[in-house]
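For reference, the structure is listed below as structure tokens.
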Amino acid sequence: MDIIDSRGSPSERSQRTDTDIPALADMLYALNAHHAADLPGRFHTEGDAPALRTFFVEKLGQGARILLYRTEGVPRAYLMWQVLDHAATALEHPRRQALLDHIHVQPIWRHRGLARRLIARFEIDSAAEGCTGWITRVHAFNTPSAALMRGAGAHLAVETYEKRL
């Protein structure tokens, strides 16, 4: 897990993620509650703290990377990402992309540039891993997140449609 300090610069690389997992779990709960309010047929808020902590431990074990943004020594935001390797197919070239899995900033810390700093660092780190670009999924209801991604230079590439039966 990489730590970014309040100046937006890397301050340390930490292997001791266990001390930050509870704060990450709290932020994940808040992020998921936002999704559950808009898509209750898909998302729920019944995951307890141990399950949310386990989610991060498992993701880290599967190769996910987390950028954690701290101010005053306290986690305020995070970005979770992973590398996706795509083999060549009959239709597509091989490529290595970064998947920005999710990003969350505590509400009181929004509109202060934390998310932009996390994305900037994510782009540096993913390029260093050999990624030639990045992708993310933004739910249709989440216009602030879509605006953040466009502001970071991303563009709409594919639209996914869903119908509940």
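The values are calculated or read from the model by the stated rules, or taken from the named source; none is laboratory data. As the structure is a computational prediction, the values presented were derived from the model and not from experiment. Here Cβ is always computed from backbone atoms with ideal geometry, including for glycine, and neighbour counts include all displayed protein chains.
Please work out which residue is farthest from the chain's Cα centre (by Cα), limiting yourself to region 101-120 and to residues that are small (G, A, S) and surrounded by fewer than 17 Cβ atoms within 10 Å (Cβ to Cβ). Checked region 101-120; the qualifying residue farthest from the chain's Cα centre (by Cα) is G113.
Can you tell me which residues in region 99-148 are out of contact with any Ser or Thr (no Cβ under 8 Å at 6 or more places or on another chain), of a type in the set (V, I, T) and over 25 Å from T71 (Cα atoms)? T132, I135, T136, T143, listed by residue number. Starting from region 31-57, take each residue that is more than 24 Å from K163 (Cβ to Cβ) and list its partners that are part of a loop (DSSP other than H, G, I, E, B), counting only C-beta distances under 9 angstrom and pairs at least six apart or across chains. Every condition considered, the pairs that remain are A33/F43; A33/T45; F55/G47; F56/D20; F56/A64. In region 121-134, of all residues being surrounded by 14 or more Cβ atoms within 10 Å (Cβ to Cβ) and in contact (Cβ under 8 Å) with a residue 40 or more places away in the chain, the one that is nearest to H93 (Cα to Cα) corresponds to C131. All conditions but one from (1) in contact (Cβ under 8 Å) with a residue 60 or more places away in the chain; (2) assigned to a strand (DSSP E or B) apply to H139; the one that does not is (2).
Considering (1) in contact (Cβ under 8 Å) with a residue 24 or more places away in the chain; (2) closer than 21 Å to L31 by Cβ; (3) of a type outside the set (D, E), the lone condition that R112 does not fulfil carries the number (1). The criterion of at least 3 residues that are out of contact with any helix residue (DSSP H, G or I) (no Cβ under 6 Å at 6 or more places or on another chain) and at pLDDT 95 or above is met by the following strands (runs of 3 or more DSSP E) wholly inside region 1-117: 74-86, 95-105. Is it the case that region 147-162 has a residue that's in contact (Cβ under 8 Å) with a residue 40 or more places away in the chain, assigned to a loop (DSSP other than H, G, I, E, B) and either closer than 21 Å to F43 by Cβ or not hydrophobic (A, V, I, L, M, F, W, C) (or both)? So far as region 147-162 goes, no, none of its residues is in contact (Cβ under 8 Å) with a residue 40 or more places away in the chain, assigned to a loop (DSSP other than H, G, I, E, B) and either closer than 21 Å to F43 by Cβ or not hydrophobic (A, V, I, L, M, F, W, C) (or both).
Out of (1) more than 25 Å from L24 (Cα to Cα); (2) touching a residue at least 40 places away in the same chain (Cβ under 8 Å); (3) not hydrophobic (A, V, I, L, M, F, W, C), what's the single condition that is false for H102? For H102, the failing item is (1). Could you check E92 against (1) exposed (fewer than 14 other Cβ atoms within 10 Å of the Cβ); (2) in contact with a strand residue (DSSP E or B) (Cβ under 8 Å, 6 or more places away or on another chain); (3) within 23 Å of F43 (Cβ to Cβ) and say which number it fails? With (1) exposed (fewer than 14 other Cβ atoms within 10 Å of the Cβ); (2) in contact with a strand residue (DSSP E or B) (Cβ under 8 Å, 6 or more places away or on another chain); (3) within 23 Å of F43 (Cβ to Cβ) applied to E92, the lone miss is (3).
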